[in-house]
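Working notes, structure below.
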Amino acid sequence: MTFTTDSFNFSTQFADAVPATIVLFKRLSVDDQLALLWYVYTEMGGAITPAATGAARLQLAAGLLEQIKQMSHNQQLQVMRDLAAPRNTPISRAYGVLSANTKLAFWYELSELMVQGFVVPMPPGYKPTLDVLEMLEAIKQLEFSQQITLLRKLTSDMGVDPLAD
């Protein structure tokens, strides 16, 4: 699957850009979705952090993050894949009850833990796919409010809501 920014005008109106970007994101493989989130948070995280943590109750996710820190790297990677897939696991269900802002902040904190070495890092020498690079550039072109709306929606759709039918 290949899509290009040429095939979608990312300067479209707010109402169109975010849903269209979500559709493209969901077409990525789970590993590409995780890689894209990594790059977004590491390259744009400074701007995202205040928006995410300002309204987030990160203490609600602290236990979940601590559980993940205690796992092996292989288990940590599997948890991230399970959240993105989304697969019905105890951690996916615990994540599923978090608020949208807390989920946004959760992924930021997870990326920070990766940088610090507490959570499985990106593989050395990892080269993102063309799809990931194109999506990253497209996200960078969105207005800040669109970026936050997009990331909030992407991270909200992850995990499993145990209260949903």
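The table that follows gives values for the structure above.
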read-out	value
Inter-site label distance for residue 16 and residue 77 at 7 Å from Cα along Cβ, in nm	4.0 nm
Eligible aspartates and glutamates near residue 26 by straight Cα distance, threshold 12 Å, same-chain separation 8 or greater	131, 157
Efficiency of FRET from Cβ geometry, residue 97 and residue 122, R₀ 30 Å, rounded to 0.05	0.60
Residue-span extension gain [residue 65 to residue 112] - 0.36 nm each, minus C-alpha spacing	15.8 nm
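Read-outs: derived from the displayed coordinates by stated rules, not from any lab. Values in this document were obtained by computation on a predicted structure and should not be read as measured data. Every residue, glycine as well, gets a Cβ built from its backbone with ideal geometry; the counts of neighbours run over all protein chains shown.
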